[in-house]
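Chemist: Below you'll find the structure I mean.
The values are calculated or read from the model by the stated rules, or taken from the named source; none is laboratory data. As the structure is a computational prediction, the values presented were derived from the model and not from experiment. All Cβ positions, glycine included, derive from the backbone under ideal geometry; neighbour counts span all protein chains shown. Accessible surface areas use protein heavy atoms only, side chains included; no ligands, DNA or RNA. Shrake-Rupley method; radii C 1.70, N 1.55, O 1.52, S 1.80 Å.
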Amino acid sequence: MLREKYKAFELKDDEVCQTVVEGSLFSIAAFIKSCDKGSIITIHTPDGEPFLIGLSKMFLYCEDREFLDRQLLPYLRSMDGGET
């Protein structure tokens, strides 16, 4: 189950960008799509617990595997025209 808000980070080269994303499929997907290829992406609960960790569009960990497999990945693929 998604929470109301998450802390989202994009790590690329020697830069770290932090933002807050709403706890919805659309907001999380929009953040991921805005990240550069090759970036490390981490999304954490407000308490600092990891929710999603990935490299570009390859996800290494997701607290809610059903959300990842059934909602987020198909949605990202549809945004890419099936390319994710």
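Chemist: Please report, as a whole percent, how much of the solvent-accessible surface of the chain comes from carbon and sulfur atoms (probe radius 1.4 Å).
Modeler: 51
Chemist: Give the accessible surface of the chain per residue, rounded to a whole number of Å², with probe radius 1.4 Å and ligands, DNA and RNA excluded. List each step's numbers first, then the result.
Modeler: Working: 5150 Å² over 84 residues.
Accessible surface, normalised per residue, equals 61 Å².
Chemist: OK, next. Give the label of the value calculated from the structure for Cα extents along the principal axes in Å, choosing from (i) 65, 22, 19; (ii) 30, 30, 19; (iii) 62, 19, 12.
Modeler: It is the one labelled (ii).
Chemist: For the chain, what does the helix formula give at 222 nm: sum of -39500 (n - 2.57) over DSSP H segments with n ≥ 4, over the residue count, nearest 500 deg cm²/dmol?
Modeler: -6000 deg cm²/dmol
Chemist: Testing the spin-label approximation: label points 7 Å from Cα along Cα→Cβ at M1 and R77. State their distance in nm.
Modeler: Distance between the two pseudo-spin positions: 2.8 nm.
Chemist: Treating only the Cβ of Lys, Arg, Asp and Glu as charged (+1, +1, -1, -1), what charge dipole size does the chain show about its Cα centre? Round to the nearest 20 debye. If you can, show how the numbers build up before the last one.
Modeler: Details: 10 positive and 15 negative charges, 45 e Å.
Dipole of the chain, to the nearest 20 debye: 220 debye.
Chemist: With each pseudo-label sitting 7 Å past Cα toward Cβ, what's the K37-S56 distance in nm, one decimal?
Modeler: So the label points at K37 and S56 sit 0.5 nm apart.
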